[in-house]
Amino acid sequence: MNDFIKRLTAVLASIITMLTAIFAPPASVTPEFPEETTQVKTAFDEGEFVMGPRDIIVSADGDDNNPGTLAAPVRTLERAKEILKAEKGNEAVTVWFREGTYIIHDTVSFTSADRSNVLYRSFPNEKVVFSGSKAISQWTETTINGVNAFVSDVKIDSDADYFRSLFKGDKRLSRSNYPKTGLLKVADPKLDEAAVPEVDPSFFTHSAVFYAHKNDVSDFANPKDIDIRIMHFWCDELLPVHSIDTSTGRIETRKPTSMTIRVDDNYIFENVREALSLPGEWYLDHSEEKLYYIPEEGDTVDNTILYAGMTEQLITMKDAENIRFRGISFEKTEWQHVGKGGGFYQNLFDESHPLYENIEYTVLHPQAAYEIPSAIYISSSSGIDFTDCRFRNISYTAVKFDKASENCNITSCLFEEIGANAVFIHGDFVVPASTKNINVTDCHINKYGRIFNNAIGILLTHAIDCDLTNNEIHDGWYTGISVGWNWGYSANSTNNINISNNLIYNIGNGWLSDMGAIYTLGIQPDTVISGNVIYNVGCDEGRYGYGGWGIYLDEGSSGMLVEKNLVYDCSSQTFHQHYGKDNIIRNNIFAFGGDGAFRITRNEDHNSLTLTNNIFVTDNATMYALTTERDWFVDDSNLYWDYTNGGNVYSGDSMGFFERKSMVIMTARGYYNNAVFSDPLFKDPQNRDFTLAVNSPALDTGFVAWEYDAGTKTLFE
């Protein structure tokens, strides 16, 4: 009986609050706003040149027969390594690189045999580039597909000579795609010829054949040079073609899909000779051994120098210690299809399968560009640091820290035009994790996942005690930061990850789905998500599936603290938890989710999370989307406001009249405890200024304003 009285009292209080919000006159007091603070960004200080007694000088004009002095520098990184390896002692040494481009033809490997306590760096204010490309400058004029073009002879003696990356200055040039605009649709996935499903036939059926609509295919020249890109929910397939039958539309590929092809899945053809037509596009004809390029304005056969990708992996480190890089640009690397000779799933096609003879590549993991190699690879090493470095036009993942690496840092670095993940922190699944204390701070990550679209800005799977802080991440097709790699409530080797003060925006862009600006998996009781500013996270649900979330705690995410984050303008909800337990979500601003403010997908027999002292604002969207039953979570002392409906706040399946639940219904079901339904008095919410007035009613809930410190401290040029 007492519980009934308490519930009835709460319902009556909710009704009074709602009526007050609707009919109360506007406040007559002019709000006062706190002074705005401006984040100061400065260029990284490269210091001064001071040469030590054992330091080595490297110059692009040097000679590897020289001793490496200032007057007689060596020419290559490899030679500097050899000189240091021959010396005894472990005192600090610097290898100074003079301005220039250093071509890395073959991967440079560091091991325990190499000298430790070495800094490889540029001369202050001199541009030093480690490049994995070769120049192409011998052109003649021609026409192709009725368009003026340049052509150059390219010797292709083996598959290693066939390149898939071409650069002009700092720009990656586009391969010719078909169609030029829009997307094609799968007519028939032909699942009866697929391999055995891996887990779930609706998501993970591996196939090397499908049917196109017959009018979407032509008698393309060199079909084996063509790749097909198919978009699934959270995965894009990049499949090399085996054959195309124009009479039936049947397409067979040399690599199985990692996810199920469905009717009307979107796809395009890449690297099609017949589609070469736009300025800046190129096509390498394998059979003719000729490179075709459509010139851009100002290009002539005499002044055009393009750079073809040559080296896939620039540097590896295994069992290395205390090696640092500073002020170096790592640029222009090559890529190949991944999965030849083994993969995450190995090859699910056996010799009896009708398409077995076509298959050259194995099935890969369908998430987060997991198996894509890296240009810089570090394994079981410690004290490996990159400071003030640039990673541009890297075709694979830029940097990967692997098994049992520890005490490593990437600080104040720029990542731009990255083919897969910018940074991947990985390790063996052991508890506690052997990969630890890997920190990524003050980095600008721009345009990642440009070749392997389902890549992440910063991907961390099995690791502990890491800081991912003060980074700026934007313009990727998929998630910005992903932490954890364990689905469910079993033991998790990932914990104590600090994800703070990152600025993440313009990701997803309607291309893939099931993503978040910040995404987590598994039990992580000491992981903190704090001070991040997130906006413009987008999924086009009409084409690619579902889910463009701001903060996304996925399967089993538990024991985490999410506080002082500003999240707005997401295509789905600004906050989403699939399922988990005992997370604390407090003192955040969640604004303008396209499909609502907040969502929990799965109700379980424990407390999913505690939601306190947050501000939720919508614009004719639900507050708690699809989350209306009792006992899913505990809320207390939050502010709710809808700018279209004023004091009327709704939760439920949608804002449809018969699908939405009123404040009264939700209060009766145990939600909106001690809630405030009132305009929070943001300074200019329509222009996304969320500065609070000093008399904001949000302060009555216990909400505490904080100074935003998200993004990099360094201004990158």
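The values are calculated or read from the model by the stated rules, or taken from the named source; none is laboratory data. Computed from a predicted structure; not experimentally measured. Methodologically, a virtual Cβ is constructed for each residue, glycine included, from the backbone with ideal geometry; neighbour enumeration extends over all protein chains shown.
Structural remarks
- Pairs linking a residue in segment 553-571 that is closer than 16 Å to residue 502 by Cα to a residue that is part of a loop (DSSP other than H, G, I, E, B) and of a type outside the set (Ser, Thr, Tyr), with Cβ atoms under 6 Å and 6 or more positions apart or on different chains, are 563/587; 564/531; 564/587; 564/706; 565/532; 565/588.
- Across segment 536-551, the qualifying residues are those that are buried (at least 24 other Cβ atoms within 10 Å of the Cβ) and in a loop (DSSP other than H, G, I, E, B), and the one among them that is modelled with the lowest pLDDT is 539.
- Within segment 622-650, considering residues that are charged (D, E, K, R) and under 23 Å from residue 547 (Cα atoms), the one surrounded by the most Cβ atoms within 10 Å (Cβ to Cβ): 642
- Within segment 627-636, the set of residues being closer than 14 Å to residue 577 by Cα and in a strand (DSSP E or B) comprises 634 only.
- Options 464, 473, 458; residue that is of a type outside the set (Asp, Glu), in contact with a Pro (Cβ under 8 Å, 6 or more places away or on another chain) and buried (at least 21 other Cβ atoms within 10 Å of the Cβ): 464
- Selection of segment 110-153 for residues being of a type in the set (Gly, Ala, Ser), farther than 25 Å from residue 291 by Cα and buried (at least 16 other Cβ atoms within 10 Å of the Cβ) yields 116, 122.
- Residue within segment 104-117 that is out of contact with any strand residue (DSSP E or B) (no Cβ under 8 Å at 6 or more places or on another chain), of a type in the set (Asp, Glu) and touching a residue at least 12 places away in the same chain (Cβ under 8 Å) present: yes
- For residue 489: the one exception among (1) modelled with pLDDT of 95 or more; (2) surrounded by fewer than 24 Cβ atoms within 10 Å (Cβ to Cβ); (3) within 12 Å of residue 521 (Cα to Cα): (1)
- Of all the numbered requirements in (1) aliphatic (A, V, I, L, M); (2) closer than 23 Å to residue 366 by Cα; (3) at pLDDT 95 or above, residue 533 misses one, and that requirement is (2).
- Among the residues of segment 597-626, those identified as of a type outside the set (A, V, I, L, M), closer than 20 Å to residue 647 by Cα, part of a loop (DSSP other than H, G, I, E, B) and touching a Gly at 6+ places or on another chain (Cβ under 9 Å) are 613, 622.
- Hits in segment 696-717 - residues which are in a loop (DSSP other than H, G, I, E, B), among the charged types (D, E, K, R) and farther than 23 Å from residue 500 by Cα: 717
- Looking across segment 488-510, the residues that are among the small types (Gly, Ala, Ser) and part of a loop (DSSP other than H, G, I, E, B) come down to 488, 490, 491, 493, 508, 510.
- Of the residues making up segment 287-311, those that are surrounded by fewer than 16 Cβ atoms within 10 Å (Cβ to Cβ) and not β-branched (Val, Ile, Thr) number 8.
- Test: residue in segment 179-197 that is free of Cβ contacts under 8 Å to residues at least 12 places away in the same chain and among the small types (Gly, Ala, Ser): yes
- Residue within segment 57-67 that is over 28 Å from residue 411 (Cα atoms), at pLDDT below 90 and not polar (S, T, N, Q) present: no
- Within segment 233-282, the set of residues being part of a loop (DSSP other than H, G, I, E, B), aliphatic (A, V, I, L, M) and over 17 Å from residue 185 (Cβ atoms) comprises 272, 276, 278.
- Residue, nearest to the chain's Cα centre (by Cα), within segment 464-478, restricted to residues that are part of a loop (DSSP other than H, G, I, E, B) and in contact (Cβ under 8 Å) with a residue 40 or more places away in the chain: 478
- Answer residue from segment 69-88, given it is in a loop (DSSP other than H, G, I, E, B) and touching a residue at least 24 places away in the same chain (Cβ under 8 Å) and is surrounded by the fewest Cβ atoms within 10 Å (Cβ to Cβ) among those: 87
- The single residue among 188, 170, 192 that is over 22 Å from residue 225 (Cα atoms) and touching an Asp or Glu at 6+ places or on another chain (Cβ under 9 Å) turns out to be 170.
- Taken as a whole, segment 670-682 holds no residue that is surrounded by fewer than 16 Cβ atoms within 10 Å (Cβ to Cβ), over 22 Å from residue 504 (Cα atoms), out of contact with any helix residue (DSSP H, G or I) (no Cβ under 9 Å at 6 or more places or on another chain) and not small (Gly, Ala, Ser).
- Of everything in segment 339-361 that is surrounded by 20 or more Cβ atoms within 10 Å (Cβ to Cβ) and at pLDDT 85 or above, the residue that is farthest from the chain's Cα centre (by Cα) is 359.
- Test: residue in segment 274-286 that is surrounded by fewer than 16 Cβ atoms within 10 Å (Cβ to Cβ), closer than 30 Å to residue 143 by Cα and aliphatic (A, V, I, L, M): yes
- Members of segment 651-669 that are of a type in the set (Val, Ile, Thr) and either touching a residue at least 40 places away in the same chain (Cβ under 8 Å) or surrounded by 19 or more Cβ atoms within 10 Å (Cβ to Cβ) (or both): 664, 667
- If the condition is being among the aromatic types (Phe, Trp, Tyr) and part of a helix (DSSP H, G or I), then segment 354-383 contributes only 356.
- Residue among 141, 126, 91 that is out of contact with any strand residue (DSSP E or B) (no Cβ under 6 Å at 6 or more places or on another chain), touching a residue at least 24 places away in the same chain (Cβ under 8 Å) and under 14 Å from residue 388 (Cβ atoms): 126
- Residue in segment 657-665 that is modelled with pLDDT under 95, touching a strand residue (DSSP E or B) at 6+ places or on another chain (Cβ under 7 Å) and under 24 Å from residue 563 (Cα atoms) present: no
- Where a residue in segment 583-608 is closer than 24 Å to residue 687 by Cα and its partner, wherever it lies, is basic (Lys, Arg) and part of a loop (DSSP other than H, G, I, E, B), with Cβ under 7 Å and at least six apart: 587/564; 588/564
Listed here are the residues, each with its yes/no results for (1) farther than 19 Å from residue 389 by Cβ; (2) part of a loop (DSSP other than H, G, I, E, B); (3) out of contact with any Leu (no Cβ under 9 Å at 6 or more places or on another chain); (4) not acidic (Asp, Glu).
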{"position": "445", "(1), (2), (3), (4)": "no, no, no, yes"}
{"position": "456", "(1), (2), (3), (4)": "yes, yes, yes, yes"}
{"position": "462", "(1), (2), (3), (4)": "yes, yes, yes, yes"}
{"position": "486", "(1), (2), (3), (4)": "yes, yes, no, yes"}
{"position": "512", "(1), (2), (3), (4)": "yes, yes, yes, yes"}
{"position": "517", "(1), (2), (3), (4)": "yes, no, yes, yes"}
